[in-house]
Amino acid sequence: MTSDPHGIVPATGRDDVATASLEGDADVADVHRDVRRALDARDWARAVQLVGAHWSALLDEPGQLLDEALRLIPLDAFELDARAAAVRDIRLHSAADAVDRMLGSASLPDADDLDELEALARSDRALSLLSVAASRMIALRVRGRFPRAVRLASLVERFSRIAAVHRPGLVASRVPAALLQAGITRGLADDLAGAVLSLRDAYERSGDSRVDYVQRDAAGKAALFLALDGDIGQASAWLARHDAAPAVDGWFASRIALTADTARAIVGIESLRRDDAECALRMLEQPVNAEQGWGPAVTYARARHALVWGDRLGTLQSVRADKARFDAWLAEGSTLGPLLTHAEVELLLSLRQDAQAQRAAADHADHHIARLTRARLALAAGDAPLAARRAAEALGVSRTTRERLGALATHAAARAALPVAGEYSDLAASVRERGLLSTWLAVPAAARSALGADLADTQGAREVAALDDDRVRITPQQRRVLEGLDRGMSLQAIASQSHLSINTVKSHARALYQRLGATTRDEAVAAAYDLGLL
């Protein structure tokens, strides 16, 4: 069997009419009939062709035919069509190495090669290219391969817009769903701003779509990604568009509702409307037999709620369990991995578990939000000058509203002893404009008052990550002694390892015991664990 140079429409040896009939908007009933005949005849080549060409229609329709076909068709038969291999992966969440190889078996043009994209967009192969690129992009995203998936998202976006101009009759009905999937891919792959642009485009083109869910889903996904970004005002506006869009029936309705309800919960939390937040949270369940990339978003919403109102310790354990559970979707290039790590650190700091927070921060340490995390850690440690410097650094690399306002709030908290309203006028204005009222919970009351922030009606919200004079703080030298004691080392061994005299180490140990209210090694270590110093 041979392939098109781009692996788009495989040649099968059938007549041209039969091959051509696989493309375009065939009647769904005819597609189902043909798939059933191919399965009954064990004509795997024909079945794979049909799945690859009509994967979108088969996915959109209720029933078990697609799943039955994917289970019956032998794995090696999917070598015939990259689209069908990708659909198999999307539906079955396969981890087989053979499927992973198939996803890269057909070459695709580069998103930056405009001449080639123009030529393909004018050709009869335009729909095939769009279908292959979109299906492979989704399959990679479902597997948590975000860097590769987002590169294909660029191709899908650019080619969709070019082909819609040159071959509108051929591709226009498929472009809205393709842009929807590209937006979802970007949103889960740490490009929230790019996600919203593609989702807005999908929403505006939804009237051309051959499926009826694009408008509602694009609005709900845009609301979620804006909520994760921290632009609560815009997230609320997109939730209103989601609610106004036509209702959707079918197996995918619950999945559309899941992301919209997650957005609704985050909006309620960040705008400090507890009743709204908890009403939305009651609607959320971890997804089952669905794309698992959404599970971390649900976990993140619950972590944010616990930080403001809920059971911080219990939720911390759940966050850790879910980070392990969703590890494949929290790796390099993900949106939720760094956000969940930051939420875990803030939960630990709120519980005065400073040492554990330091260790947790090592995850995603190279991500841009990590600078904000390090500023929070310095603030919790009582090093206000360092916290202010790190907050300023975080502001310089911030890519989201949440990071920018978080950095400004941390800087204000670090300088709480000398609050200057004018210096933070940008913070106050941005909090009002974006609706991210939870920002104020990281700023001490004195500084909030100087900035004119009114938190009278927060339904019991608690401060988070602000300076806390009641914390037990120890010096770096005392920490070195404490960690040695925890490992069972003698004072002499600690002195040798630290290149200090035994008398100096004894002096640090006495000061440490006094800080912890301890008289023995065991009491000191136990107290340190209770206070979160170990």
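What follows draws every value from the coordinates through simple rules; no lab data is involved. Remember, it's a predicted structure, so these values are computed and weren't measured experimentally. Because the Cβ atoms are built from the backbone with ideal geometry, glycine has one as well, and the counts that use them run over all protein chains shown.
The table below gives the values:
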{"read-out": "Debye intensity ratio I(q)/I(0), log10, the stretch 212-303, q values 0.22 Å⁻¹ (C-alpha model)", "value": "-1.07"}
{"read-out": "ASP43-VAL165 FRET efficiency (beta carbon distance; Förster radius 56 Å; 0.05 resolution)", "value": "0.90"}
{"read-out": "Per-pair calculated FRET efficiency, R0 = 30 Å: TYR529 and GLN286 via Cβ, rounded to 0.05", "value": "0.45"}
{"read-out": "Largest-first principal axis extents of the Cα set of the stretch 476-530 (Å)", "value": "29, 19, 18"}
{"read-out": "The stretch 254-348: trypsin sites (Lys or Arg not before Pro) in DSSP coil with no more than 10 other Cβ atoms inside 10 Å", "value": "ARG282"}
{"read-out": "Sparse-neighbour loop sites [GluC sites (Glu not before Pro); the stretch 245-325; at most 15 other C-beta within 10 Å; DSSP]", "value": "GLU285"}
{"read-out": "Computed E for VAL397/SER254 - FRET, C-beta separation, R0 35 angstrom, nearest 0.05", "value": "0.40"}
